[in-house]
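A quick write-up on the structure given underneath.
What follows is calculated from the coordinates using simple rules that are stated; it is not laboratory data. These numbers were taken from a predicted model, which means no experiment stands behind them. Cβ coordinates were reconstructed from backbone atoms using ideal geometry, including for glycine residues, and neighbour counts include every protein chain displayed.
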Amino acid sequence: MINRQRRGTLCVLSGGILWGFSGCLGQFLFMNYGFDAEWLTSSKMLLAGAALSLCAFILNKKGFSDIVKNKKDITILIIYSVLGLMICQLAYLQTIRYSNAGTATVLEYLFPVFVILYACLTTPRKPKIKELIAIALAVSGTYILATHGRTDRLVLSVPTLIWGLLAAVSCFVYNVSPVGLIEKYGSIQVTGLGMLIGGAILFTASGSYGLMPIKDMPSLAAFILICLVGTVLAFTLYMQGVRDIGAVKSSMLVCIEPVAATVISALWLGTKFYTLDIIGFVLIISVIFITAKKESGGNYV
């Protein structure tokens with residue numbers, strides 16, 4: 001019998017690595033085939049959403065129909081789909097297009113700062129010491145990453161910063177908005193339907209149905225890997241890990257994602273990272289470890 005803790009740890013680490021690899025596959029498609037970010041985002045969401053929704057329907061047909069009939073739950077699902085999943089996926093890929101997979105993934109990991117601000121505004125309460133430290137680290141890391149310590153110029157482009165921060169904000173929405181739905185219907189069903197709805201809206205609104213950027217077998221293989229391995233399999237592994245070892249430990253272990261994205265991007269795609277980039281990465285990623293620490297009484301930031 002497989003040790004539950006060991007299985008959960010391996011699942012979370014594997015899921016994080018696959019997410020990092022997926023970002024590098026996106027960078028590969030942007031660099032070599034000029035893929036459109038809207039097409040890639042919407043097509044990926046539709047294919048992955050269909051696969052997850054099919055699994056959810058097979059596992060629980062009644063639960064699948066219940067969420068569609070509940071007006072309040074559908075409203076929350078649409079908010080999660082559009083303001084969370086769709087914008088997060090699009091902003092993340094746009095950040096990759098303007099920079100690279102490692103930088104985009106690290107900028108997205110600024111989302112705990114917005115979780116802290118949201119908690120302080122809605123409670124309401126003053127931020128805790130560790131939260132202030134986390135915010136200071138996040139701001140410092142972003143500043144170093146964007147300027148390399150110089151005040152006269154930006155190292156990262158303005159579009160990279162805008163899309164990267166939008167990815168972080170929408171990642172916050174993606175993490176916070178569906179909590180009640182997931183408790184009621186399950187993560188596979190909520191995520192699957194969310195991807196389908198968000199993908200369909202973006203696919204229609206952006207006119208992506210008129211595009212076909214896949215030109216050869218490498219581009220087709222990369223696209224399929226992004227959809228099935230980097231999205232469906234990665235998500236499934238991560239959720240299994242959460243069930244085995246809990247959300248707090250999982251949220252720390254999944255920090256392997258930006259590390260994987262950075263290493264794969266450097267070794268495979270030849271992306272250059274400098275010492276100050278790595279320092280900025282470390283400062284931002286450390287925010288996860290601070291905010292995921294368990295408090296007395298079982299509450300988490």
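Average 1/r across all pairs of distinct alpha carbons in segment 102-176, invert it, and you get the Kirkwood radius: 13.1 Å. Cross-link reach is defined here as a Cα-Cα straight distance under 20 Å, omitting same-chain residues fewer than 8 places apart; for Lys61 the aspartates and glutamates meeting it are Asp73, Glu183. On the basis of the beta-carbon distance and an R0 of 35 Å, Thr204 and Lys184 show a calculated FRET efficiency of 0.80.
Ignoring everything except DSSP H segments at least 4 long, calculate the 222 nm mean residue ellipticity for the chain; use -39,500 (n - 2.57) per segment, divide by total residues, nearest 500.
-24000 deg cm²/dmol
A cut-off under 15 angstrom between Cβ atoms defines the neighbours of Ile188, and their net charge, with Lys, Arg +1 and Asp, Glu -1, is +2.
With all pairs of separate Cα atoms included, segment 8-291 yields a Kirkwood hydrodynamic radius of 19.2 Å.
A DSSP coil position with no more than 12 other Cβ atoms inside 10 Å describes the following trypsin sites (Lys or Arg not before Pro) in segment 50-125: Arg125. Taking every alpha-carbon pair within segment 34-184, the share separated by more than 21 Å comes to 55 percent. Directionally averaged projected area (segment 144-301, Cα convex hull): 12.6 nm². A crude spin-label estimate for the pair Leu132 and Ala266, with each label 7 Å from Cα along the Cβ direction, gives 3.5 nm. Spin-label model, Ser140 to Val176: label points 7 Å out along the Cα-to-beta-carbon direction sit 2.5 nm apart. Taking a straight line from the alpha carbon of Lys130, these aspartates and glutamates sit under 12 Å away, with near neighbours fewer than eight places off in the same chain left out: Glu295. Each part gets one Cα centre, and for segment 79-144 versus segment 3-60 those centres are 20 Å apart.
According to the Cα-based calculation, Rg over Rh for segment 1-113 is 1.04, with Rh computed by the Kirkwood formula. Segment Val68..Ile278, full-extension length gain: 71.1 nm, with 0.36 nm per residue of separation and the alpha-carbon distance subtracted. Screening the chain for whole DSSP H helices of 24 Å or more along their axis (Cα) with average Kyte-Doolittle hydropathy at least -1.0 returns 4-33, 37-59, 129-147, 158-176, 187-205, 275-291. Taking 7 Å steps out from each Cα toward its Cβ at Ile58 and Arg243 produces label points 1.4 nm apart.
In a fully extended conformation the segment linking Asp152 and Ala50 would gain 31.9 nm over its present Cα-Cα distance, using 0.36 nm per residue.
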